[in-house]
Each structure stands twice: as structure tokens, then as C-alpha cells.
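Visitor: Take this structure, written in C-alpha cells, and hold onto it; I'll ask about it next.
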Amino acid sequence: MKRKIAAVILSILLLAAGSAFISPQSVQAADNVKVVLNGQLLPLDGASAYKNGSGVMIPLRETAEALRYKTTYQGSTGQIQLTRYKETIEFKLSGQELTLNGKEKISFKEPIEVRQKRIYVPLSFFHAIGLITSYSQAESQAEIYTPEVTAGAVSGLLAAGKYQELQNRYFSEPAAEQLSLPQIQKSWEGIAGPAGNFFGIKATESQWGEENMTIQSVLSFTKAEVALTLSIDKTGKISGLKLEPVIADEAQSSQAN
């Protein structure tokens with residue numbers, strides 16, 4: 001499953017907003033699960049997320065609308081449809097499989113539930129539609145990020161020279177051990193220096209594999225373009241980071257797309 005989005009405006013907003021999109025708001029642990037969406041606490045008045053066994057259940061309509069999806073539910077058939085731009089997601093209230101754009105079928109772990117006339121989907125549902133998810137038992141907090149926001153936050157921290165914050169916030173423990181701060185700094189400065197001033201993200205694609213998500217972004221600079229590739233593990237943490245210059249043919253292709 002791939003996503004390809006022109007994200008220049010988004011990345012500029014991320015840089016302008018600073019850490020607001022980078023560090024989720026701290027919330028007190030409570031019986032109900034808090035939901036952080038793209039770094040911001042999602043208001044869920046009367047529709048709190050909750051734990052159910054090993055799964056976390058998230059209110060569908062409120063979360064989907066925050067992600068700019070339109071939600072349609074047909075009570076007679078139990079069919080639910082989410083639509084956004086050219087994307088359509090269809091699934092049944094009684095099922096654990098969704099259909100993306102009428103073609104790709106993807107399963108998710110836990111069943112959908114209905115509470116007080118509200119539909120709740122498991123956190124794994126958002127993973128299935130191509131988002132980055134994680135859950136902190138200690139904080140009773142679920143986090144959901146779009147690949148575009150993750151790539152924008154990472155590139156913003158790199159451009160600001162905040163390598164320690166990047167490592168602490170986003171890297172998995174094995175990645176933090178393998179990629180030292182001097183290595184990250186050397187890699188960024190070796191690429192960004194000749195490329196000129198950083199403008200933002202030009203385009204982003206993402207794809208889930210069996211174990212990792214791969215996020216590929218084209219970063220725009222005054223003199224050149226740079227490819228940023230992130231590997232995201234199942235816990236939502238960065239397991240790999242790669243920077244390399246975009247050659248002329250690739251740059252022309254990204255402009256055409």
C-alpha cells in the first residue's frame with residue numbers, strides 16, 4: 001500500500017510550529033485511554049478510547065474526521081465507508097478486513113465494537129490503513145501519526161540540528177545504538193551543506209512491509225533535492241534512516257509527479 005502526497009505546505013507548517021508537532025502533549029494517566037494524533041491530543045468528549053484485553057479501541061468517527069475522512073455508515077448492511085480525496089476505505093461492522101480503493105484487502109487484529117451507539121475500531125485498524133501507531137501502557141496513551149507528519153518532523157529536527165531530540169523521540173533502542181549522534185550529524189551536514197538552504201518536503205511515499213514501514217520523501221533545497229528514507233518498526237519507532245542526493249533524472253520524475 002502506497003501513499004504519495006505533495007507535502008511542501010505541511011512540512012513548512014511543521015517547521016514553523018516547532019516542537020508542537022514533534023512531542024505529543026503530556027497527559028495524565030487515567031482509566032480511559034488518551035489518543036494523540038499527529039502530536040496533538042485528540043478531543044474525545046463522551047467518546048473516550050479504552051482498553052479491551054490486549055487491544056486499544058478508538059472512536060472511529062472522531063478520529064477519522066480529524067484525519068479528514070468522511071464517514072458513511074449503512075445500518076441495514078453494516079457497511080462502513082471512509083472517503084478522502086481519491087482514497088476509499090470500505091469494511092463491515094462485523095468484519096476484520098478492509099478494502100482499500102476497491103482493490104487491496106487488508107486485515108486488522110481485533111473486532112470492531114459498538115458502545116452507546118458509537119463505533120470503535122482497534123488501533124490496529126489505523127495501522128492497516130497505512131498509519132504509524134503505538135501504545136504506552138504506562139501513560140495509558142495511544143499515538144497515531146501519518147507518514148507525512150513523521151517525515152516532516154524528522155526532517156525538521158535534522159534541519160534544526162536537534163539530533164539528540166530526534167534520537168530520543170523517534171529512534172528505537174537498537175537504532176539509537178547503531179546510529180550515533182555524530183553519525184547522524186555527519187550524514188545530514190554532508191548532504192545538506194552542498195544542497196543549500198532547506199525548503200521542506202516535496203513529496204512522500206509510504207509502504208508497509210511484513211515487519212516495517214518504509215517512508216520515502218524528497219526534500220527540497222535551494223540547489224538540489226535529497227532523498228530521505230525512514231524505516232519504521234511495528235512499535236512506531238525509527239529502525240533505520242538514510243539520506244542520499246537525488247540524481248537529475250529522479251528529480252525530474254518527482255517534479256512530473
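The values are calculated or read from the model by the stated rules, or taken from the named source; none is laboratory data. Since the structure is predicted, the reported quantities are computational estimates derived from the model, not experimental observations. We place every Cβ from the backbone using ideal geometry, glycine too, and count neighbours over all the protein chains shown. Just the protein is used for accessible areas: all its heavy atoms, side chains included, with ligands, DNA and RNA removed. Shrake-Rupley method; radii C 1.70, N 1.55, O 1.52, S 1.80 Å.
Visitor: Taking A159, is it in contact with a Ser or Thr (Cβ under 8 Å, 6 or more places away or on another chain) and not charged (D, E, K, R)?
Guide: No; evaluated as a whole, the condition is false for this residue.
Visitor: Turning to a different aspect of this structure: Find the residue count for segment 72-87, including only residues that are modelled with pLDDT under 95 and either aliphatic (A, V, I, L, M) or open to solvent by less than 40 Å² (accessible area, probe 1.4 Å) (or both).
Guide: 2
Visitor: For segment 91-101, name all the residues that are open to solvent by less than 60 Å² (accessible area, probe 1.4 Å) and not β-branched (V, I, T).
Guide: The answer is F91, L93, G95, L98, L100.
Visitor: Related question: List the number of the failed condition for H127; all other conditions in (1) modelled with pLDDT of 95 or more; (2) out of contact with any helix residue (DSSP H, G or I) (no Cβ under 8 Å at 6 or more places or on another chain) hold.
Guide: It fails just one condition, (1).
Visitor: When both residues are 6+ apart or on different chains and their Cβ atoms are under 8 Å apart, which pairs have a first residue that lies in segment 155-181 and is more than 23 Å from I144 (Cα to Cα), and a second that is surrounded by 15 or more Cβ atoms within 10 Å (Cβ to Cβ) and of a type in the set (G, A, S)?
Guide: A159/A192
Visitor: What are the residues in segment 206-223 that are modelled with pLDDT under 95 and surrounded by 14 or more Cβ atoms within 10 Å (Cβ to Cβ), if any?
Guide: Those that are modelled with pLDDT under 95 and surrounded by 14 or more Cβ atoms within 10 Å (Cβ to Cβ): S206, Q207, W208, N212, M213.
Yes/no per residue for (1) more than 30 Å from G53 (Cβ to Cβ); (2) open to solvent by 60 Å² or more (accessible area, probe 1.4 Å); (3) assigned to a loop (DSSP other than H, G, I, E, B):
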| site | (1), (2), (3) |
| --- | --- |
| I89 | no, no, no |
| I106 | no, no, no |
| V114 | no, yes, no |
| A142 | no, no, no |
| Q164 | yes, yes, no |
